[in-house]
Amino acid sequence: MAGKRALVILSKGAEEMETVIPVDVMRRAGISVTVAGLMGKEPVQCSRNVVICPDASLEDASKQGPYDVVLLPGGMPGAQNLAESPVVKEVLKDQDGRKGLIAAICAGPTALLAHGIGYGSTVTTHPGMKEKMMAGDHYKYSEARVQKDGHYITSRGPGTSFEFALTIVEELMGAEVAAQVKAPLMLKD
């Protein structure tokens, strides 16, 4: 199961915890994670003024695919930037066409809606995004902290970031690896 690869798309205004926690947890599991800056490789200011340095630009990283998972953090205006990007649309359409795993958290799933990804699936979002996500009846909505439906994994917000990340790890690396990664994190069961 070695050699799994993840692409995390980072844009200005992304939610820090929803970016860093999944990156950290996936790397602990041995997944090769590329943090790709939507607007380039320059440092990105997140929603709470934490600055994250991408590994590569999305333009360059997208040429290095395919990836086993493409992950969209939430946060505003980060999720809106993802929703408005034609490059994000292209990456998601390619991933979806291959039935590759697509993961989005908090407001991140609104980018799926904007790009026509996963229609008919059951999803969850931050409660503040539920109405937007359900406009047009393209999805079924779940109040679950993490929702998996086919090759889509969605989650609710910063407080669900560890569960979200561990669900991705379990999907890509198996339950045993997810349990091994989870144990030293000292998470409350």
Filtering segment 69-82 down to residues that are in contact with a helix residue (DSSP H, G or I) (Cβ under 8 Å, 6 or more places away or on another chain) and crowded, with 21+ Cβ neighbours inside 10 Å yields V69, V70, L71, L72, P73, G74, G75, A79, L82
Given the conditions (1) outside any loop (DSSP other than H, G, I, E, B); (2) open to solvent by less than 10 Å² (accessible area, probe 1.4 Å), report the number of the one that V87 does not fulfil.
-> (2)
K99 fails exactly one of (1) assigned to a helix (DSSP H, G or I); (2) closer than 18 Å to S62 by Cα; (3) out of contact with any helix residue (DSSP H, G or I) (no Cβ under 8 Å at 6 or more places or on another chain), namely (1)
Restricting segment 16-49 to residues that are open to solvent by 70 Å² or more (accessible area, probe 1.4 Å) and over 15 Å from the mean Cα position of the chain (by Cα), which is nearest to V91 (Cα to Cα)?
-> M39
Selection count where residues are in contact with a helix residue (DSSP H, G or I) (Cβ under 7 Å, 6 or more places away or on another chain), open to solvent by less than 60 Å² (accessible area, probe 1.4 Å) and assigned to a loop (DSSP other than H, G, I, E, B), scope segment 139-164 = 1
Candidate set: segment 165-189, residues that are surrounded by fewer than 18 Cβ atoms within 10 Å (Cβ to Cβ), part of a helix (DSSP H, G or I) and aliphatic (A, V, I, L, M); chosen: the one farthest from the chain's Cα centre (by Cα) = A183
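The values are calculated or read from the model by the stated rules, or taken from the named source; none is laboratory data. Just so we're clear, the structure is a prediction, and the values are computed from it rather than from any experiment. All Cβ positions, glycine included, derive from the backbone under ideal geometry; neighbour counts span all protein chains shown. Note: accessible area is taken over every heavy atom of the protein model, side chains too, but ligands, DNA and RNA are not part of it. Shrake-Rupley method; radii C 1.70, N 1.55, O 1.52, S 1.80 Å.
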